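I have a structure here, written as structure tokens, and I will follow up with some questions on it.
The values are calculated or read from the model by the stated rules, or taken from the named source; none is laboratory data. The shown structure was predicted, so the numbers you read here are calculated from the model rather than taken from an experiment. A quick note on method: Cβ atoms are made from the backbone with ideal geometry, for glycine too, and the neighbour counts reach across all protein chains shown.
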There are 2 protein chains.
Amino acid sequence: MRLTTDALTARVAGVLRAAGANDTMALSTARGLVLAEAQGLGSHGLSRVAQYATHLRNGRVVGSAQARVVRQRGGALVVDAQEGLAFPACDLAVAQAVGAAATNGVALAGVINSHHCGVVVDHLRAVADAGMVGLGFSNSPAAMPAAGGRHPIFGTNPIAAIFPRRPDANATPGARDALMVDLSLSEVARGKVMVAARDGKPIPAGWALDANGQPTTDAKAALAGSMLPLGAVSSTKGAMLALVVELLVSAVIGASFGFEASSFFVDEGNRPHLGQLFIVIDPGALAGTDSYLDRVEVLIDEMLRDDEVRLPGARREALRRTALSEGIDVPDALMAAWSTG
Amino acid sequence: MRLTTDALTARVAGVLRAAGANDTMALSTARGLVLAEAQGLGSHGLSRVAQYATHLRNGRVVGSAQARVVRQRGGALVVDAQEGLAFPACDLAVAQAVGAAATNGVALAGVINSHHCGVVVDHLRAVADAGMVGLGFSNSPAAMPAAGGRHPIFGTNPIAAIFPRRPDANATPGARDALMVDLSLSEVARGKVMVAARDGKPIPAGWALDANGQPTTDAKAALAGSMLPLGAVSSTKGAMLALVVELLVSAVIGASFGFEASSFFVDEGNRPHLGQLFIVIDPGALAGTDSYLDRVEVLIDEMLRDDEVRLPGARREALRRTALSEGIDVPDALMAAWSTG
């Protein structure tokens, strides 16, 4: 069944509300999941609706939670998600950080007692809309070992960034979209290992460890083990980046570590108390807004000298525009499951 | 000839002063280079003395430059290195950022009109000494292509981070060193390709491109081409991180792009006008200092459950301690070159 993004958002919000989410939480989360689906990011889109609803029903998420700022000094602040879904807390954190960066030039907002935040860079769209530069980080349940280690400790710990470009009324749609970077710190997504296991194919060295913490090229053994960090075949760099993200979004702001959180993919489990962190930078306080916008175009022109280069976020934005105008196809089985959920 | 680190610092400062550096620049730079050498990081240590001296003599670096704060709003500030060596400008930027973070909770200091900054994480030691968390970034002359691209645009664009630990007077030396992460965003250092070329051995796919921008496993062809970003065999993640660093340290603060700077390894060339960026975060404004320090130890304990895990920075710190007590061996040829330089 094809629905407009607005209609689909209302439908998803209804499912979350029926599972116990308050209006703010239901609507913010529905917007985030539909935005992900619209961009072709199904693993962070509609497939999460049932998971979040289950967590609301079994108490892993508190549906009545109201995110609030619990600590602030200058440009640094902490938002407590109060064990609710992450989306309204991230909305609040980013809005507060944008306001604080306007005064302080730079701001940092951490979110504690949080849950799965979906597509990290999507939380930064409000930053680019305000003409500012944003960085975003999150941890997630343990999936990767520390450098040299055998047992999973860190989540795949995404890093996101957004850089706005100069608006141009005469540009073709999409020509001046903000640059949007969004990547997890595993070498590859676990989905690639699942595909190889299904097809009975080996995986390259450097993708995963088996359940004993030994390197493996056996996809089935890898599924029982852990993913390896970015670049692990050559170095510990990816694992070091995962450590940096883990400490920033937990010890520094007061959230839990990934290894302390139960998987999102089990119905029963603890309240994950994970963390998100957003850094907002106003180029107007540094290079100056005009200089910043000019210089971004200089770098982009240099990148596009190679025909094969695609700007980060461009594909997602094109899909989002199509979904906005043409709607999103929702499998009937999914709609039926939501109706009976 | 073996010298104490203090004597060696004075000797290096003398060489830089003779080449035209003012006292502040000569001493700050000498301290940085000797600190790198003491940690076993020769490529950023004494081997740079002759290079910097040449740049001072031929005008690529202005020896009379005095770094100063040229812009500030709240926690965000810009230090102009005034085309001098990077070290005194980074000293000033970090000191200012630590002060600003004490007031604002978070601070960001950019350095513009700068040069090669050596070991990025070493600039963050003053952050950890103040009990704060630091992130550091720099660009460098173009060495890696954009995602999908063929010609070098980005530097190897290092990312560094420092996380202080709770001091413990009873701990063995080194047991409570700050965690220090410092990595460039190329898959491997160019030195590894040089070794393979010398030995007539192939290099793995994913390390480099040839001069035509094509993937190569021929080490000699790779030396004529460009390095590939971290994880390039599987994804564009490393290239995306390099883009993020490039924009942060240039467009956002007003420094030049890596592709606009001449190589450090040629005597003639432009004043590189490269950038550094430091972000300082006071956990006291967020999780609270005690909570932060407690939680870092929890994560470290979990990491050390695997015997093979070594904490980041530990090896460098052990070497530094040895150098402090036993001195550093300086090749006679190097000493002689400095005397006649």
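Only one residue in B:Ala161, B:Ala89, B:Ala100 is assigned to a helix (DSSP H, G or I), crowded, with 24+ Cβ neighbours inside 10 Å and either more than 10 Å from chain A (Cβ to nearest Cβ) or within 18 Å of the chain's Cα centre (by Cα) (or both), so which one is that?
The unique qualifying residue is B:Ala89.
Take the residues in the stretch A:132-152 that are away from chain B (no Cβ under 12 Å) and not in a strand (DSSP E or B); name whichever of them is nearest to A:Ser186 (Cα to Cα).
A:Ala143
Looking at A:Gly258, A:Gly269 in this structure, which one is under 28 Å from A:Leu56 (Cβ atoms), more than 8 Å from every other protein chain (Cβ to nearest Cβ) and surrounded by fewer than 20 Cβ atoms within 10 Å (Cβ to Cβ)?
A:Gly269
Out of all the residues in the stretch A:248-302, which are under 30 Å from A:Arg165 (Cβ atoms) and in contact with a Cys (Cβ under 9 Å, 6 or more places away or on another chain)?
A:Gln276, A:Phe278, listed by residue number.
Can you tell me which condition A:Ala109 does not meet? The list is (1) within 16 Å of the chain's Cα centre (by Cα); (2) within 12 Å of chain B (Cβ to nearest Cβ); (3) surrounded by fewer than 24 Cβ atoms within 10 Å (Cβ to Cβ), and all the others hold.
For A:Ala109, the exception is condition (3).
Any residue in the stretch B:54-82 that's closer than 16 Å to B:Ala255 by Cα: show its pairings with residues that are of a type in the set (Ser, Thr, Tyr) and part of a strand (DSSP E or B) at Cβ separation under 6 Å, as long as the two are six or more apart or on different chains.
B:Ala81/B:Ser114
Pairs under 8 Å by beta carbon, first residue facing chain B (nearest Cβ under 8 Å) in the stretch A:282-311, partner charged (D, E, K, R) and in a helix (DSSP H, G or I), six or more apart or different chains?
The qualifying pairs are A:Ala287/A:Arg295; A:Leu299/B:Glu246.
Can you tell me which residues in the stretch A:221-240 are within 7 Å of another protein chain (Cβ to nearest Cβ) and not small (Gly, Ala, Ser)?
A:Leu230, A:Lys237, A:Met240 - these are the residues of the stretch A:221-240 that are within 7 Å of another protein chain (Cβ to nearest Cβ) and not small (Gly, Ala, Ser).
Can you list residue pairs whose Cβ atoms sit under 8 Å apart, with the first residue in the stretch A:203-221 being more than 19 Å from A:Ala147 (Cα to Cα) and the second being of a type in the set (Lys, Arg)? Count only pairs 6 or more apart in sequence or on different chains.
A:Ile203/A:Lys192; A:Ala219/A:Lys201
A follow-up question, please. Given the structure, is B:Gly118 farther than 25 Å from B:Gly42 by Cβ and not in a helix (DSSP H, G or I)?
No, not satisfied.
Would you call B:Leu334 among the hydrophobic types (A, V, I, L, M, F, W, C) and at pLDDT below 95?
Answer is yes for this residue.
Can you pull out the residues in the stretch A:30-51 that are within 24 Å of A:Glu268 (Cα to Cα), without any contact (Cβ under 8 Å) to a residue 60 or more places away in the chain and crowded, with 17+ Cβ neighbours inside 10 Å?
If the condition is that a residue be within 24 Å of A:Glu268 (Cα to Cα), without any contact (Cβ under 8 Å) to a residue 60 or more places away in the chain and crowded, with 17+ Cβ neighbours inside 10 Å, then A:Ala30, A:Gly45 are the ones that fit.
Can you pull out the residues in the stretch A:57-86 that are acidic (Asp, Glu) and either within 14 Å of another protein chain (Cβ to nearest Cβ) or not in a loop (DSSP other than H, G, I, E, B) (or both)?
A:Asp80
Of the conditions (1) crowded, with 24+ Cβ neighbours inside 10 Å; (2) of a type in the set (A, V, I, L, M, F, W, C); (3) touching a helix residue (DSSP H, G or I) at 6+ places or on another chain (Cβ under 6 Å), A:Val78 satisfies every one except a single condition; which number is it?
Single failed check for A:Val78: (3).
Somewhere in the stretch B:178-185, is a residue crowded, with 23+ Cβ neighbours inside 10 Å, among the hydroxyl-bearing types (Ser, Thr, Tyr), farther than 20 Å from A:Asn157 by Cα and modelled with pLDDT of 95 or more?
For the stretch B:178-185, residues crowded, with 23+ Cβ neighbours inside 10 Å, among the hydroxyl-bearing types (Ser, Thr, Tyr), farther than 20 Å from A:Asn157 by Cα and modelled with pLDDT of 95 or more: absent.
Take the residues in the stretch A:181-220 that are among the aliphatic types (A, V, I, L, M) and in contact with a Lys or Arg (Cβ under 7 Å, 6 or more places away or on another chain), then tell me which one is farthest from the other protein chains (Cβ to nearest Cβ).
Looking at residues that are among the aliphatic types (A, V, I, L, M) and in contact with a Lys or Arg (Cβ under 7 Å, 6 or more places away or on another chain), I get A:Ala197.
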